[in-house]
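Participant: Could you have a look at this structure, given as structure tokens, before my questions?
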Amino acid sequence: MITEVYQALRAIDVPEELATRAAEAVGQHHDRLAKIEGRLQVLEWMVGTNIVLTVAAMGAIWGLYARLTDLAQVIGALSAR
């Protein structure tokens, strides 16, 4: 139960049972939101890691492509002789 919600409801003359149930419901949603935020942080790290690894893989592929292009030119020059 969230005490602040309970006290605010009691301050505006909401019956005690109703104020208690409402504060408990808000507390449950608060706990649920905290769990969702934790999961979201994990997903943010996963996406960030995926982006970094993808960029690294693309760099490696680009470097390999450049080497193969150079090799093809050397082979072409040797074949022309």
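The values are calculated or read from the model by the stated rules, or taken from the named source; none is laboratory data. Bear in mind that the values here come from a model prediction, so they are computed numbers and not experimental data. With ideal geometry, Cβ positions are generated from the backbone for all residues, glycine too; neighbour counts draw on all protein chains shown.
Participant: Confirm whether LEU33 is part of a helix (DSSP H, G or I) and either at pLDDT 95 or above or surrounded by 10 or more Cβ atoms within 10 Å (Cβ to Cβ) (or both). Show your work before the answer.
Facilitator: On the way: part of a helix (DSSP H, G or I): yes; either at pLDDT 95 or above or surrounded by 10 or more Cβ atoms within 10 Å (Cβ to Cβ) (or both): yes.
Here the answer is yes, as LEU33 does meet what is asked.
Participant: Can you tell me which of LEU18, LEU53 is surrounded by fewer than 11 Cβ atoms within 10 Å (Cβ to Cβ), free of Cβ contacts under 8 Å to residues at least 40 places away in the same chain and not small (Gly, Ala, Ser)? Steps first, please.
Facilitator: Details: LEU18 fails: surrounded by fewer than 11 Cβ atoms within 10 Å (Cβ to Cβ).
It is LEU53.
Participant: In addition: Collect the residues in the range 63-81 that are in a helix (DSSP H, G or I) and more than 49 Å from the chain's Cα centre (by Cα), keeping them in residue-number order. Before the answer, list the steps.
Facilitator: Of all residues in the range 63-81, those in a helix (DSSP H, G or I) come to 63-80.
Hits for the range 63-81 are ALA77, LEU78, SER79, ALA80.
Participant: If you don't mind, another one. Could you please let me know if LEU18 is in a helix (DSSP H, G or I) and touching a Leu at 6+ places or on another chain (Cβ under 9 Å)?
Facilitator: Numbers: in a helix (DSSP H, G or I): yes; touching a Leu at 6+ places or on another chain (Cβ under 9 Å): yes.
Yes: the conditions hold for LEU18.
Participant: Could I ask something else about it? For the subset of the range 1-15 comprising residues that are among the β-branched types (Val, Ile, Thr) and not in a loop (DSSP other than H, G, I, E, B), which member is surrounded by the fewest Cβ atoms within 10 Å (Cβ to Cβ)?
Facilitator: Quick first cut of the range 1-15, residues among the β-branched types (Val, Ile, Thr) only: 2-3, 5, 12, 14.
Next cut, not in a loop (DSSP other than H, G, I, E, B) only: 3, 5.
Details: THR3: 9, VAL5: 18.
Restricting to residues being among the β-branched types (Val, Ile, Thr) and not in a loop (DSSP other than H, G, I, E, B), the top hit is THR3.
Participant: May I pose another question? Does MET46 satisfy being over 16 Å from the mean Cα position of the chain (by Cα), among the hydrophobic types (A, V, I, L, M, F, W, C) and modelled with pLDDT of 95 or more? If you could, list the steps in order and put the result at the bottom.
Facilitator: On the way: over 16 Å from the mean Cα position of the chain (by Cα): no; among the hydrophobic types (A, V, I, L, M, F, W, C): yes; modelled with pLDDT of 95 or more: yes.
No.
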